[in-house]
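Report on the following structure.
The values are calculated or read from the model by the stated rules, or taken from the named source; none is laboratory data. The structure displayed is predicted, hence computed values, not measured ones. Cβ sites come from the backbone with ideal geometry, for glycine too, and all protein chains shown count toward neighbours.
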Amino acid sequence: MGEAKEAKVRELLSQAELILASDLTLLECERVLIRAVVTEQVPEAEAEGRRAILNGAATHWNILRLHEGVFERARRPFPKEPLRTLDALHLACALSARSAIADIAILSLDRRIRSCARALGFPLAPK
């Protein structure tokens, strides 16, 4: 991620009243760290430091658990296909959260997620 985008994401997260993330987000982050260590792109000590930062940040997040309704929604088509399986799960989780929090926005840099989220009527961040 470019430094400007990274700074904007950090700023948005620091200003957010409420941060929701699916447990899938934490799983994906952990898998990236494991892969980086195994492929020797990152030393284990550095991965541990990054893991500690992630876990510290996540203590301030509301973690959304994947449930049957999320899986059911992810199995159906989305307005912008093709969509990867994990992306469909993230978006299905966001749709589930929107039923309780109407003004939820999607923070993503991924163009497929952003395109589909926009088609689903979600506000996007960063703009």
Check your understanding: Taking segment 106-121 on its own, how many of its residues are farther than 27 Å from residue 7 by Cβ and assigned to a helix (DSSP H, G or I)?
Key -> 1
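Within segment 1-15, track down each residue that is without any contact (Cβ under 8 Å) to a residue 12 or more places away in the chain and either part of a helix (DSSP H, G or I) or within 23 Å of residue 93 (Cβ to Cβ) (or both).
If we filter segment 1-15 for residues that are without any contact (Cβ under 8 Å) to a residue 12 or more places away in the chain, which is where we start, we get 2-4, 6-7, 10-11, 14-15.
Of everything in segment 1-15, those that are without any contact (Cβ under 8 Å) to a residue 12 or more places away in the chain and either part of a helix (DSSP H, G or I) or within 23 Å of residue 93 (Cβ to Cβ) (or both) turn out to be 3, 4, 6, 7, 10, 11, 14, 15.
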Review point. Assuming residue 103 fulfils every condition listed in (1) within 22 Å of residue 125 (Cβ to Cβ); (2) part of a loop (DSSP other than H, G, I, E, B); (3) among the acidic types (Asp, Glu); (4) outside the structural domain of residue 122 (by TED's automatic domain parsing) apart from one, which condition is it?
Key: (4)
Revision key, fill the gap. Of the candidates 25, 39, the one satisfying the condition of being of a type in the set (Ser, Thr, Tyr), surrounded by 13 or more Cβ atoms within 10 Å (Cβ to Cβ) and not assigned by TED's automatic domain parsing to the domain that holds residue 93 is 25
